[in-house]
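Taking it in order: structure first as structure tokens, then the write-up.
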Amino acid sequence: MSYLLLRPQAKCQASAKAFNQAGLNTIACGLIDTLVDDQAITKLPDKMAQLTKESNILVIVTSTVAAQQSVLLKQKWPANIQFFAVGASTAQILKSAAINVIVPQEPRTEGLLALPELNNVTNKTVIIMKGYGGRELLVESLKARGAQVQEWEVYKRQRVTQPLSTQDWHPEQIHCIIATSGEVIEAAFDYFELAWLIKQKWIVVSQRTAQIAAKLGVEQIKISKDASDQALIQCVQQL
């Protein structure tokens, strides 16, 4: 009995190792890859220079990739900024560069929106460091609260031509599929056989990803606390 973990390619090896160390025979398969947009990055110093004229600037960092880019440009950020990270892994990258950061208890958009610091944002500049597309709920909710929202999209997700797995596997081995984003769920339905996918048990990371899986025909869905290896392992152990 094995678990199939679908997540971005760069995280597959580390995640498979964590699951297997927890005694869960797990194959990780990378269906999408993350590519930093160099052209977008080169424009950031000019954007940052514009921020020095403003006060009360909030920066929300939505992923480890966005955090890495934030750290590389650390010297360019003005001093009057409060950083937020969507989850612990993202926050750790910022903290390791001595950047103070606020992290929600619930590591997802809903957790960020529940933070008191993001409640009263009328006329404040809120920058969201993110990939292309996604985070619509975060953007729209902050705008509705009166924030001046800027989306700084610094990386792209693209599907790989050939899925890469941490080890060879056969569909009949798989007891459960674990997916960490809507993009990988949709990619799975393009790569693998529909009838096989919809009869599997699935673990997903949010209500939104559960809705994506259900719309594609999945019936057995369990929602993890978040997308971290620790939370996913805990969710598998409860199955």
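Every number in this text was worked out from the coordinates using simple rules, so none of it is lab data. Keep in mind it's a predicted model, so treat the numbers as computed, not measured. For neighbour counting, all protein chains shown are included, and Cβ atoms are generated from backbone atoms with ideal geometry for every residue, glycine included.
Points to keep in mind about this one:
- Exposure rule at most 16 other beta-carbon atoms within 10 Å, DSSP loop GluC sites (Glu not before Pro): the chain longest free segment: 55-192
- Antiparallel bridges, percent of DSSP beta bridges restricted to the chain (to nearest 5): 15 percent
- Cross-link reach is defined here as a Cα-Cα straight distance under 17 Å, omitting same-chain residues fewer than 8 places apart; for Lys74 the lysines meeting it are Lys43, Lys47, Lys95, Lys130.
- Positive contributions from Lys and Arg (+1) and negative ones from Asp and Glu (-1), summed over other residues with Cβ under 14 Å from the Cβ of Leu6, come out at 0.
- Along each principal axis, Cα extent of segment 37-156, largest first, Å: 31, 30, 27
- Between the helical axis of 12-21 and the longest alpha-carbon principal axis of the chain there is an angle of about 60 degrees.
- Burial ordering of Asp226, Asp190, fewest other beta-carbon atoms within 10 Å first: Asp190, Asp226
- Diffusion of the chain by Stokes-Einstein, at 25 °C in a medium of 0.890 mPa s and with Rh set to the Kirkwood radius over alpha-carbon pairs, works out to 130 µm²/s.
- Two-site label geometry, Gln39 and Gln148: point separation in nm, points 7 Å out along Cα→Cβ: 2.7 nm
- Between helix 182-191 and the chain: long-axis angle, C-alpha atoms, 0 to 90°, nearest 10: 40 degrees
- Taken about its Cα centre, the chain carries a charge dipole of roughly 500 debye when the Cβ of each Lys and Arg holds +1 and the Cβ of each Asp and Glu holds -1.
- Charging the Cβ of each Asp and Glu at -1 and of each Lys and Arg at +1, and nothing else, the dipole of segment 37-156 about its Cα centre rounds to 220 debye.
- Each peptide in 154-164, 89-99 gets a packing score, the mean of other Cβ atoms within 10 Å over its residues, and the list from highest to lowest is 89-99, 154-164.
- Sparsely packed loop sites in segment 100-149 (the trypsin sites (Lys or Arg not before Pro) outside DSSP H, G, I, E and B with at most 16 other Cβ atoms within 10 Å) comprise Arg145.
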